[in-house]
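Student: Submitted below is the structure of interest, expressed as structure tokens.
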Amino acid sequence: MTALFMSRRLWPAALLLMLTLLAGCGVPAMAPQSAPGWQGETQTLKRKLTITPFDASRPEQTLLSVIRLSDQGMRVVIATPTGQRLFTLVRDDQGARYTQSIMDEPPFPAKWFAQRLEWSLRPEADLQAVFKGSTWRVQDQRFEHGRVREILDGDTLMARIDTIDHPTDQAHDVLTDFQIGYRMVITPFGNTQNAGKTP
């Protein structure tokens, strides 16, 4: 009974950070999005998410994610470090939505969350194609440590994704969201299917 009570108290602590990050910023700006399907073989990516707000008074938070990419779309399971599932995000032909959640309403829009994930996973050419004709644009540059991707709305830098791939045994991504004010370190963990074929 005590363990059950404690597990029910875990989800507010794990997601309080995201709630406070989005509080006061209104509806986050949304860019045009590509079709939900992914080319190539179905992939399952396991990632640890370490989220650090720009505001040093707010605590750092760690979550685990299992991301499945297929020709049908994207499915993401978010859990605490102890393995308790918090919610599942699905993006397919019906749009982005939460299908499983232990809370009445997750603290951020499904469409926004799906878009931030896709900004780090989609090839540059896919984002350029979907942004064409809008004020949004993407630009990738290569450096010794890896790729740097910038997502801009007009002249405003909305997000930056640093892909650190050297050395290979310490590969990870760093997503900096300037609109919301946080930095997320995305690190592979465990066994990943087709990990070398990440789009």
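Here, each number is a calculation from the coordinates, and none is a lab measurement. Just so you know, these numbers come straight off a predicted model, no measurement behind them. Here Cβ is always computed from backbone atoms with ideal geometry, including for glycine, and neighbour counts include all displayed protein chains.
Student: Under the 0.36 nm per residue contour assumption, what length would be gained going from the current alpha-carbon distance of Asp140 and Ala171 to full extension?
Tutor: 9.4 nm
Student: May I pose another question? Where does the charge balance sit around Gln72 when Lys and Arg score +1, Asp and Glu -1, over other residues with C-beta under 15 Å from its C-beta?
Tutor: Counting the neighbours of Gln72, the net charge comes to -1.
Student: Treating only the Cα positions of region 43-188 as identical point scatterers, give the base-10 log of I(q)/I(0) from the Debye formula at each q in 0.11 Å⁻¹.
Tutor: Log10 I(q)/I(0), no solvent term: -0.44.
Student: Give a residue-ordered list of calculated ³J(HN,Hα) values for region 39-54 (Karplus: 6.51 cos²θ - 1.76 cosθ + 1.60, θ = phi - 60°; whole Hz; x for Gly, Pro).
Tutor: Karplus-based 3J(HN,Hα) across region 39-54 equals 7, x, 5, 4, 10, 10, 10, 9, 9, 8, 10, 10, 9, 10, x, 4 Hz.
Student: Same structure again: Could you give each residue of region 125-142 its phi-based ³J(HN,Hα) in whole Hz, using Karplus coefficients 6.51, -1.76, 1.60 with θ = phi - 60°, and x for Gly or Pro?
Tutor: 4, 5, 5, 4, 5, 6, 7, 4, x, 10, 7, 8, 8, 10, 9, 10, 9, 10
Student: Calculate the spin-label point distance for Asp155 paired with Thr82, positioning each point 7 Å from the Cα along the beta-carbon direction, and give it in nanometres.
Tutor: 5.0
Student: Could you go through region 145-155 in sequence order and give the Karplus-derived ³J(HN,Hα) for each residue, using 6.51 cos²θ - 1.76 cosθ + 1.60 with θ = phi - 60°, rounded to whole Hz, and x for Gly and Pro?
Tutor: Once θ is set to phi - 60°, the couplings for region 145-155 become 7, x, 8, 10, 10, 10, 10, 10, 10, x, 9 Hz.
Student: If each residue of separation counts as 0.36 nm, what is the full-extension length gain between Thr50 and Met30 once their alpha-carbon separation is subtracted?
Tutor: 4.9 nm
Student: Could you compute the FRET efficiency for Ser57 and Val148, with r as their C-beta to C-beta distance and R0 at 45 Å, rounded to 0.05?
Tutor: 0.95
Student: If you don't mind, another one. Treat each spin label as a single point 7 Å out from the Cα along the C-beta direction, and report the Ala129 to Phe178 distance in nm.
Tutor: 2.8
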